[in-house]
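**Q** Here it is, the structure in full.
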Amino acid sequence: MQFEAKILINAPIERLYSLYANVAGWPLWDTSLKSSSINGQFSSGATGTLQPMSGPKAKIIFSEVVPNRSFTVESKLLLCTLRFEHELSPLDNQVQVLHRVSFIGLLAPLLGRLIGPPMRKGLPHALEGLKRVAEQQGHTAKDMHERIRVVQGDICIQNVDALVNAANVSLLGGGGVDGAIHRAAGPELLAECRTLGGCSVGDAKITKGYKLAAKWVIHTVGPIWRGGEAGEAGLLACAYRRSLEEAVKAGAQSVAFPAISTGVYGYPQDAAAQVALATIRAFLSTYPQLKEVRLVCFSEDSVQAHLRALSPKP
C-alpha cells in the first residue's frame, strides 16, 4: 500500500532542508506529532523517535539522507515496515515537495487498512504546515535577531510578560532557577502549583506571577542528560515549544527563558543552546505576535554558547 501528496513552496531548497534537519522542530509544521527526536546528526543511519498525538512512540531510522534533495525514514512494525519518503525538486522559482508513505511486508495490507486512512488524510496538512513555516521564515529572518536576545543576569527580575521556570515534575519548587522563582514570587505561587497535578517532562503549565514583575510563570520540565541516546533533544525541544505555546495562549508578547536542563540535569551547554535556538526560531517564524524571547543565562559560558547558536559561523 502506498500514497503520496505534493505541494509547491516558495522558499529556497536550503531552507526546506534545514526544516527537515531540525528533527526536534517537526511538530511545528506537522501537527500530528507531539514530539520527534534524532540521535546524532541528520544523516543516513541515524536513529530517533516519533511520538504522535495519539498512539505509541515509534523508533525510527533515517535510512537515506541526501542533502538538499531527499530523505527517507523507516519504522519497523510487526511483520511490516513503514517507509516515509520526502523529496525536494526545483520547479521554476519554487520547490515541489513530495511526501510518500509506503507499507511494506507481510502485514502491510492489514496495517494499511487500519492506520493508513488517517495518515493519508494527514499528509496534505503536514505539507501545508511545512509551506507556512518555510515561507514565513523568509519574511521574519531579517528581524529574528531583534526578537531573540541573549543576556546574563537574574531571570526573576526580567521585565517581561512571562517567565519560564525550569521546574521538576512535582512543580513544588526545588533548587536553582526553580527555587529562586518561587522565593521571588512568594508562597502564593506554590499554592497554585499544588493544584496543577505536576507536569510531565517536555510539557509546560502556566500560573500567575504573583510578586514577580512578570504577569505569568510558565513551568516546564526539561530532560535529564543521559548521554544523548534517550531522546533528550526531542524532549528539550518540546519543553521550549510547549512553553512558547502557553505564552502565546496567554497573550504574552515577551517571554524570558533560563537555560533549561543545563544545570543539575547536566545537558551540555552548546548542545542545549542549539536545540533552544532552533526551536525558538521555528516558533517565531509562525507566531509574529511574540515580539521578544529573552534567553537569560547564569554564566558567561552559557551566554557564549547561546550566542554561538544564535549566530553560527558559516
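**Q** Under 5 Å between amide H atoms, partner at least 5 residues away or on a different chain: which partners does F3 have, H built in plane at 1.01 Å?
**A** Long-range HN contacts for F3: V101.
**Q** Just want the ordering: I7, I280, from fewest to most Cβ atoms lying within 10 Å of their own Cβ.
**A** On the way: I7 17, I280 26.
Fewest-to-most Cβ neighbours within 10 Å comes out as I7, I280.
**Q** Each residue of segment 146-153 in order: what ³J(HN,Hα) in whole Hz does its phi give by Karplus 6.51 cos²θ - 1.76 cosθ + 1.60, θ = phi - 60°, with x for Gly and Pro?
**A** Ordered by residue, 3J(HN,Hα) equals 6, 8, 10, 10, 10, 9, 10, x Hz.
**Q** Which order do peptides 78-85, 207-214, 23-30 fall in by mean Cβ count within 10 Å, highest first?
**A** Working: 78-85: 16.1, 207-214: 18.5, 23-30: 24.0.
Top to bottom by mean Cβ count within 10 Å: 23-30, 207-214, 78-85.
**Q** Here is a further query. Could you please tell me the mean projected area of the C-alpha convex hull for segment 2-142, averaged over all directions and given in square nanometres to one decimal? Don't skip to the answer; put the middle values down first.
**A** Working: hull surface 32.7 nm².
That works out to 8.2 nm².
**Q** Moving on to the next point. Expressed as a fraction of 2.2 N^0.38 Å, the rule-of-thumb size for a compact globular protein of N residues, what is the C-alpha radius of gyration of segment 232-314? Before the final figure, lay out the partial values.
**A** Working: Rg = 12.4 Å, N = 83, 2.2 N^0.38 = 11.8 Å.
After normalising by residue count via 2.2 N^0.38 Å, the value is 1.05.
**Q** Oh, and also: Taking the Cα atoms of segment 47-124 alone, what are Rg (to one decimal) and Dmax (as a whole number) in Å?
**A** In order Rg, Dmax, the Cα atoms of segment 47-124 give 13.8, 43 Å.
**Q** Give me, ordered by chain and number, the residues 5 or more places off R149 or on other chains with an amide H under 5 Å from its own placed amide H.
**A** When sequence neighbours closer than 5 places are left aside, the close amide H contacts are V293, R294, L295.
**Q** Name the residue farthest towards the positive end of the dipole of segment 2-142 from the options I9, S102, V133, assuming +1 on Cβ of Lys and Arg, -1 on Cβ of Asp and Glu, about the Cα centre.
**A** Among I9, S102, V133, the one farthest towards the positive end of the dipole of segment 2-142 is S102.
**Q** In whole Hz, with x marking every Gly and Pro, tabulate ³J(HN,Hα) for segment 14-26 from phi via Karplus 6.51 cos²θ - 1.76 cosθ + 1.60, θ = phi - 60°.
**A** With coefficients 6.51, -1.76 and 1.60, one gets 4, 5, 5, 5, 5, 5, 5, 5, 7, 4, 5, x, 3 Hz.
**Q** Most exposed first by the Cβ proxy, i.e. fewest other Cβ within 10 Å, how do R100, R194 rank?
**A** Numbers: R100 16, R194 12.
With the sparsest Cβ surroundings first, the list reads R194, R100.
**Q** Note the angle between two axes, namely the Cα long axis of helix 108-140 and the longest principal axis of the Cα atoms of the chain, as a number of degrees from 0 to 90, rounded to the nearest 10.
**A** The angle comes out near 60 degrees.
**Q** On a 0 to 90 degree scale, rounded to 10, what angle separates helix 176-185 from the longest Cα axis of the chain?
**A** For helix 176-185, the angle is close to 50 degrees.
**Q** Under a point-charge model restricted to the Cβ atoms of Lys and Arg (+1) and Asp and Glu (-1), what is the dipole moment magnitude of segment 153-310 relative to its Cα centre, in debye to the nearest 20?
**A** Working: 14 positive and 14 negative charges, 74 e Å.
My answer is approximately 360 debye.
**Q** For segment 2-142, with only Lys/Arg (+1) and Asp/Glu (-1) charged at the beta-carbon, what is the dipole magnitude about the Cα centre, in debye rounded to 20?
**A** Working: 15 positive and 10 negative charges, 79 e Å.
Computed about the Cα centre, the dipole is about 380 debye.
**Q** Sticking with this one: Just for the chain, what percent of DSSP beta bridges are antiparallel, to the closest 5?
**A** Numbers: 47 of 63 bridges.
Restricted to the chain, the bridges split so that about 75 percent are antiparallel.
**Q** Name the residues whose placed amide hydrogens come within less than 5 Å of the amide hydrogen of G174, ignoring near sequence neighbours (fewer than 5 apart) on the same chain.
**A** Amide H neighbours of G174: G179.
**Q** Let me ask something else about it. Charges at C-beta only: +1 for Lys and Arg, -1 for Asp and Glu. How large is the resulting dipole of the chain about its Cα centre, in Debye rounded to 20? Write down the numbers at each step before the final one.
**A** Values: 32 positive and 26 negative charges, 109 e Å.
Roughly 520 debye, rounded to the nearest 20.
**Q** Once you've got the Cα coordinates, tell me which of K6/K291; K76/K249; K34/K205; K249/K291; K57/K249; K131/K208 are over 25 Å apart. Could the numbers behind the result be given before it?
**A** Values: K6/K291 33 Å; K76/K249 37 Å; K34/K205 16 Å; K249/K291 14 Å; K57/K249 27 Å; K131/K208 36 Å.
Flagged as over cut-off: K6/K291; K76/K249; K57/K249; K131/K208.
**Q** For helix 269-286, report the angle its Cα long axis makes with the longest principal axis of the Cα atoms of the chain; keep it between 0 and 90° and round to the nearest 10°.
**A** So the inclination is approximately 70 degrees.
**Q** To continue, here is another question. Stokes-Einstein D for segment 153-310 at 4 °C, 1.567 mPa s, Kirkwood Rh over Cα pairs, in µm²/s? Don't skip to the answer; put the middle values down first.
**A** Numbers: Rh = 15.2 Å.
After rounding, the answer is 85 µm²/s.
**Q** Consider all pairwise Cα distances in the chain and report the whole-number % of them above 26 Å.
**A** In whole percent, the long-distance tail amounts to 47.
**Q** How large is ³J(HN,Hα) for each residue in segment 64-77, as worked out from phi by the Karplus curve 6.51 cos²θ - 1.76 cosθ + 1.60 (θ = phi - 60°), to whole Hz, x for Gly and Pro?
**A** 8, 10, 10, x, 6, 9, 6, 7, 10, 10, 10, 10, 8, 10
Taken together, the values in this text are just the output of simple stated rules run on the coordinates, not laboratory data. Please read these numbers as outputs of a predicted model, since none were measured by experiment. In this analysis, Cβ positions are derived from the backbone assuming ideal geometry, glycine residues included, and neighbour counts consider all displayed protein chains.
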